[in-house]
Amino acid sequence: MKRENFSEWFNQILEKAGILDIRYPVKGLYVWLPYGMKIRECVIKIIKEILENHGHEEVLFPLLIPEDFLRKESEHIRGFEEQVYWVTRGGSKELNVKLALRPTSETAIYPIVSLWIKSHKDLPLKIYQIVNVFRYETKHTRPLIRLREITTFKEAHTFHRTFEEAEAQVKEAIEIYKKFFDRIAIPYLINKRPDWDKFPGAIYTIAFDTIFPDGKSLQIATIHNLGQNFSKPFNIKYEKVDGNFEYVYQTCYGISDRVIASIIAIHGDDRGLILLPEISPYQIVIIPIIYKESRQKVLNKAWKIYNLLKEKYKIYIDLREDETPGSKFYYWEMKGIPIRIEIGPRDVDEGVVTIFRRDKMERIKVRDEDLENTLKDMMNDIYKNLRERAWKFLEENVVRIFRIEDIREGYINEISLCGKDSCGRYIEEKTGLRVLGEAIEKKEDGYCLVCKERTDKIYRVAKSY
RNA sequence: GGGGCCGUAGGGUAGCCUGGUGAUCCUGCCGGCUUGGGGUGCCGGUGACCCAGGUUCAAAUCCUGGCGGCCCCA
């Protein structure tokens, strides 16, 4: 199901696992359900922790942007013009200044930051916010993947004294996102986007792409070096040590709801979600197997185990007596809970518990006294297994290609290209796929597939979302 | 950007072509008994034709538009 019909599988999981209600009657907008919110919180906690550790501070700017702010940087507005929602009225009164729902927050943030930055001592400045942004998407929308309201846009904005410092920040951002995606076991390729596909207003854009079960690539993070393109129109200047003024150099980078889409799509299977211990709302669920005669002794042991583990793990005990054990098994598997502990009369008598791990669908019996150590090892092993499995899938679907006619849909194709726009465009036209960009961590001597010039650049080409 | 398909209870569906019967079946949900180590079984109940116009004696069914969903091509 996941492999044959990914779209349908994905939408069903969202509903059955209780992540989103996709029935909201406005295109591209969806409702977050309680279980989805819990996963979302776990993910947000990780990215916050990493950003804070790298010296970023959280801020919160308004949703509405006055039209003249939005229009200050000409390339930027040209890039977003067709995607902007406008607020034009307050009640029945037409507004004198139209207000845009932020499609991204550069133009909300920069005019204000220009008031904050006075001297070189104020730099570098690294801030971030986690907000919703609105984009009037015209292509077909998909839950968590192509949204008209991105509900958790985790955007960072940094301000620096020199171009070199901004360049260093781009490298730091790459490290930050590597840490983040490694932590949630999402594999990625890092690509420098071709010029025609960079962020509007940026000097260049570096993107993290992953691969979905259907072989399409998905952009999951972007990092932009803005140079002085925004600081000039927004007049963000600082006083240098020598008393002269200079415009700051900037970067910005962001991650959207697609993180959650990736977690679901890449780790999940036909039985539902498979969550890493760190992003699972519950790491362990205890299911007592209740029979009339042995009811009390089973419950006693279940509670004993619960109390033993509750300090160390996020744990839930499923005491419903109107559901059979089998139906509970299916239920928690759909929810992706990493480890299930089954406690029935046989386990009580034998002095063991039955442990089931979701990722491998394996069930073992463990002696009571070995339980804590086994769980600890198993949690680590689940992370390791999911991460290896995900990277293996990505690597298996990256192919090195030497002839244009061999470029295949359903894979990420790596080819030699010189880097000229015309050659990249030619590939896109010829194959109908997208040039994701230049592999920044990979070089190989060869000849451009289009113009035959010598090059050591590797470009990645794929069908993308 | 271009083309196609679709919208029936909470979910999945039959009926639509060829207008007319009490709108089908599965699942869920509620109540009861039963069962309980992989969706227990039986009985009873609940619940739907996307919206607005039009054609017609009569519309889930035909026509137009809106909203929403899906697929293919560039």
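Would you confirm, using the coordinates I've provided, whether A:Arg40 is touching a strand residue (DSSP E or B) at 6+ places or on another chain (Cβ under 9 Å) and within 12 Å of RNA strand B (Cβ to nearest atom)? It would help to see each step written out before you state the result.
Working: touching a strand residue (DSSP E or B) at 6+ places or on another chain (Cβ under 9 Å): yes; within 12 Å of RNA strand B (Cβ to nearest atom): no.
No: the conditions fail for A:Arg40.
Would you check which residues across the stretch A:404-418 are among the β-branched types (Val, Ile, Thr) and surrounded by fewer than 18 Cβ atoms within 10 Å (Cβ to Cβ) and list them? Full working, then the answer.
Going through the stretch A:404-418, the residues among the β-branched types (Val, Ile, Thr) turn out to be A:404, A:407, A:412, A:415.
A:Ile404, the sole residue that qualifies.
Can you name the residue in the stretch A:313-333 that is without any contact (Cβ under 8 Å) to a residue 24 or more places away in the chain and open to solvent by 70 Å² or more (accessible area, probe 1.4 Å) and is also farthest from A:Tyr383 (Cα to Cα) among such residues?
First, the residues of the stretch A:313-333 that are without any contact (Cβ under 8 Å) to a residue 24 or more places away in the chain: A:320, A:322-324, A:326-327, A:331.
With open to solvent by 70 Å² or more (accessible area, probe 1.4 Å) added as a condition, the list becomes A:320, A:322-324, A:331.
Details: A:Arg320: 29, A:Asp322: 33, A:Glu323: 30, A:Thr324: 30, A:Tyr331: 22 Å.
Among those that are without any contact (Cβ under 8 Å) to a residue 24 or more places away in the chain and open to solvent by 70 Å² or more (accessible area, probe 1.4 Å), it is A:Asp322.
For the stretch A:296-311, name all the residues that are in contact with a strand residue (DSSP E or B) (Cβ under 7 Å, 6 or more places away or on another chain) and within 12 Å of RNA strand B (Cβ to nearest atom).
Applying the first criterion (in contact with a strand residue (DSSP E or B) (Cβ under 7 Å, 6 or more places away or on another chain)) to the stretch A:296-311 yields A:298-299, A:301-302, A:305-306, A:309.
Across the stretch A:296-311, the qualifying residues are A:Val298, A:Lys301, A:Ala302.
Quick one: would you say A:Thr354 is polar (S, T, N, Q), over 26 Å from A:Ile19 (Cα atoms), modelled with pLDDT of 95 or more and within 11 Å of RNA strand B (Cβ to nearest atom)? Walk me through how you get there before you give the answer.
Numbers: polar (S, T, N, Q): yes; over 26 Å from A:Ile19 (Cα atoms): yes; modelled with pLDDT of 95 or more: yes; within 11 Å of RNA strand B (Cβ to nearest atom): yes.
For A:Thr354, the condition - polar (S, T, N, Q), over 26 Å from A:Ile19 (Cα atoms), modelled with pLDDT of 95 or more and within 11 Å of RNA strand B (Cβ to nearest atom) - is met.
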What pairs come up if the first residue lies in the stretch A:2-17 and is of a type in the set (Lys, Arg), the second is modelled with pLDDT of 95 or more and near RNA strand B (Cβ under 8 Å from one of its atoms), and their beta carbons are under 7 Å apart, counting only those six or more places apart or on different chains? A:Lys16/A:Met334
Checked the stretch A:72-107 for anything touching a residue at least 12 places away in the same chain (Cβ under 8 Å), polar (S, T, N, Q) and assigned to a loop (DSSP other than H, G, I, E, B); matches are A:Thr104, A:Ser105
State which residue pairs qualify: first residue over 16 Å from A:Tyr313 (Cβ atoms) and inside the stretch A:357-386, second residue assigned to a helix (DSSP H, G or I) and modelled with pLDDT under 95 in any location, beta carbons under 8 Å apart, and separation of 6 or more residues or different chains. none
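Does A:Phe69 satisfy being in a loop (DSSP other than H, G, I, E, B), more than 19 Å from the chain's Cα centre (by Cα) and under 25 Å from A:Ile223 (Cβ atoms)?
No: the conditions fail for A:Phe69.
Name every residue in the stretch A:382-403 that is surrounded by 14 or more Cβ atoms within 10 Å (Cβ to Cβ) and in a helix (DSSP H, G or I), in order of residue number. First the steps, then the outcome.
Of all residues in the stretch A:382-403, those surrounded by 14 or more Cβ atoms within 10 Å (Cβ to Cβ) come to A:382-383, A:385-387, A:389-391, A:393-394, A:397-399, A:401.
A:Ile382, A:Tyr383, A:Asn385, A:Leu386, A:Arg387, A:Arg389, A:Ala390, A:Trp391, A:Phe393, A:Leu394 - these are the residues of the stretch A:382-403 that are surrounded by 14 or more Cβ atoms within 10 Å (Cβ to Cβ) and in a helix (DSSP H, G or I).
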Restricting the search to the stretch A:239-277, which residues are away from RNA strand B (no atom under 16 Å from the Cβ), assigned to a strand (DSSP E or B) and open to solvent by less than 10 Å² (accessible area, probe 1.4 Å)? A:Gln250, A:Thr251, A:Cys252, A:Tyr253, A:Gly254, A:Ile255
Go through (1) closer than 22 Å to A:Ile264 by Cβ; (2) touching a residue at least 24 places away in the same chain (Cβ under 8 Å) for A:Glu396 and report which single condition fails. (2)
I'm trying to understand the selection: among the residues of the stretch A:312-331, which are assigned to a loop (DSSP other than H, G, I, E, B) and either within 8 Å of RNA strand B (Cβ to nearest atom) or outside the structural domain of A:Asp377 (by TED's automatic domain parsing) (or both)? A:Arg320, A:Glu321, A:Asp322, A:Glu323, A:Thr324
Of all residues in the stretch A:13-33, how many are of a type outside the set (Phe, Trp, Tyr), closer than 15 Å to A:Ile260 by Cα and not in a loop (DSSP other than H, G, I, E, B)? 6
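For the stretch A:334-346, which positions are near RNA strand B (Cβ under 6 Å from one of its atoms) and either free of Cβ contacts under 8 Å to residues at least 40 places away in the same chain or open to solvent by 10 Å² or more (accessible area, probe 1.4 Å) (or both)? Steps first, answer last, please.
Taking the stretch A:334-346 and keeping what is near RNA strand B (Cβ under 6 Å from one of its atoms), we get A:342, A:344-346.
Selection gives A:Glu342, A:Pro345, A:Arg346.
The values are calculated or read from the model by the stated rules, or taken from the named source; none is laboratory data. From a predicted model like this one, the values you see are computed outputs, not experimental measurements. Here Cβ is always computed from backbone atoms with ideal geometry, including for glycine, and neighbour counts include all displayed protein chains. Surface accessibility is based on the protein's heavy atoms, side chains included, excluding ligands, DNA and RNA. Shrake-Rupley method; radii C 1.70, N 1.55, O 1.52, S 1.80 Å.
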